[in-house]
1. Could you say which residue among G186, G222, G170 is on the phi > 0 side of the Ramachandran plot and either modelled with pLDDT under 85 or crowded, with 20+ Cβ neighbours inside 10 Å (or both)?
2. May I ask you to list the residues in region 45-60 that are in a helix (DSSP H, G or I) and modelled with pLDDT of 75 or more?
3. Quickly run through region 43-76 and pick out the residues that are crowded, with 17+ Cβ neighbours inside 10 Å and under 15 Å from the mean Cα position of the chain (by Cα).
4. Among the residues of region 254-274, is any within 26 Å of E75 (Cβ to Cβ), in contact with a helix residue (DSSP H, G or I) (Cβ under 7 Å, 6 or more places away or on another chain) and modelled with pLDDT of 85 or more?
5. Just to be sure, is V128 out of contact with any Phe, Trp or Tyr (no Cβ under 8 Å at 6 or more places or on another chain), assigned to a helix (DSSP H, G or I) and aliphatic (A, V, I, L, M)?
6. Looking at T121, T113, which is the one that is surrounded by 20 or more Cβ atoms within 10 Å (Cβ to Cβ) and out of contact with any helix residue (DSSP H, G or I) (no Cβ under 7 Å at 6 or more places or on another chain)?
7. Could you check how many residues of region 80-125 are among the basic types (K, R) and assigned to a helix (DSSP H, G or I)?
Amino acid sequence: MGNNFKTAFLLTAMTVLVVMIGQALGGRNGAVMAFCLAGAMNFFSYFFSDKIALMTSGAQAVSREELPRVYRIVESLCQKAGLPMPRIYVIPTNSPNAFATGRNPSHAAVAVTAGILDLLTDDELEGVLAHELGHVNNRDILISSIAATFAGAITILARMAGYAAMFGGGGGRDRDREGGGGGAIGAIAMMILAPLAAMLIQMAVSRSREYQADATGARFTGHPEALASALRKIEGWAARIPMQASPEMAHMYIIQPLLGGISFGNLFSTHPPTAERIARLMAMRPGGF
């Protein structure tokens, strides 16, 4: 029920933002066109988000013969969880990380970096893969894909609406006549606040998803401390070897990439604090801490 509510909230909030920007661009007709655009984006995200994520990350499909260690662990976890076997990919980077994608369990893919395979023990790697299968099991992968699509579209539309209003086009023309510079001020505010609102909605949902996937993965393995140890290692090494990942993809990874060393603190983080995730996992052990 929780995920259904989050999905409805996300789609509603993002759709409202798109429609508001469309109205600013072209009045009622602009709002209708923007609503149609939102529907088209949802359709596109549903069917193609996995392909875009894998292509953007540079992930390469691997066979059982090429990566028997990962296949063995994932097959065992899928049997325990009652999930179909996902496609397996490797991202050629030394920075340790992983993500899952796909619109449902029957069309899922799990990607791991070359660096994570060298860094983690089998138990720790099992914890990470169980976390990613937790995303698959909870059917929340699509939520993040739609969020990323909407956030990108809202940013582009807000800029278009802002420029149109500031330079006398679209819905900002009449407001400029009536309120002088008020239209330009409103346009600048829209260019800043609309993408910020979209980003914050995306991040809030992403953070709750990570806690849930941690808990689901820990239940799959029965060893929450293994995932906690893996998170600690990945965060430490990811800071030493920044990952070349696009900002739109950052929310999909098990630990947020530093994007070439750039970090803006917890407010703009797509993930909850790793220390808090570890504390929650350790509390899941029999007897807690």
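1. G170
2. F47, F48, S49, D50, K51, I52, A53, L54, M55, T56, S57
3. S45, S49, D50, I52, A53, L54, S57, listed by residue number.
4. The first filter runs over region 254-274 and keeps only residues within 26 Å of E75 (Cβ to Cβ), leaving 254-255.
With in contact with a helix residue (DSSP H, G or I) (Cβ under 7 Å, 6 or more places away or on another chain) added as a condition, the list becomes 254-255.
When the remaining residues are screened for being modelled with pLDDT of 85 or more, the result is 254-255.
Yes, because at least one residue in region 254-274 is within 26 Å of E75 (Cβ to Cβ), in contact with a helix residue (DSSP H, G or I) (Cβ under 7 Å, 6 or more places away or on another chain) and modelled with pLDDT of 85 or more.
5. Details: out of contact with any Phe, Trp or Tyr (no Cβ under 8 Å at 6 or more places or on another chain): yes; assigned to a helix (DSSP H, G or I): yes; aliphatic (A, V, I, L, M): yes.
Taking the combined requirement at face value, the residue satisfies it.
6. T113 is the lone residue from the list that is surrounded by 20 or more Cβ atoms within 10 Å (Cβ to Cβ) and out of contact with any helix residue (DSSP H, G or I) (no Cβ under 7 Å at 6 or more places or on another chain).
7. 1
The values are calculated or read from the model by the stated rules, or taken from the named source; none is laboratory data. Everything quoted here is computed from the prediction, not taken from an experiment. Every residue, glycine among them, receives a Cβ derived from its backbone with ideal geometry; neighbour counts consider all protein chains shown.
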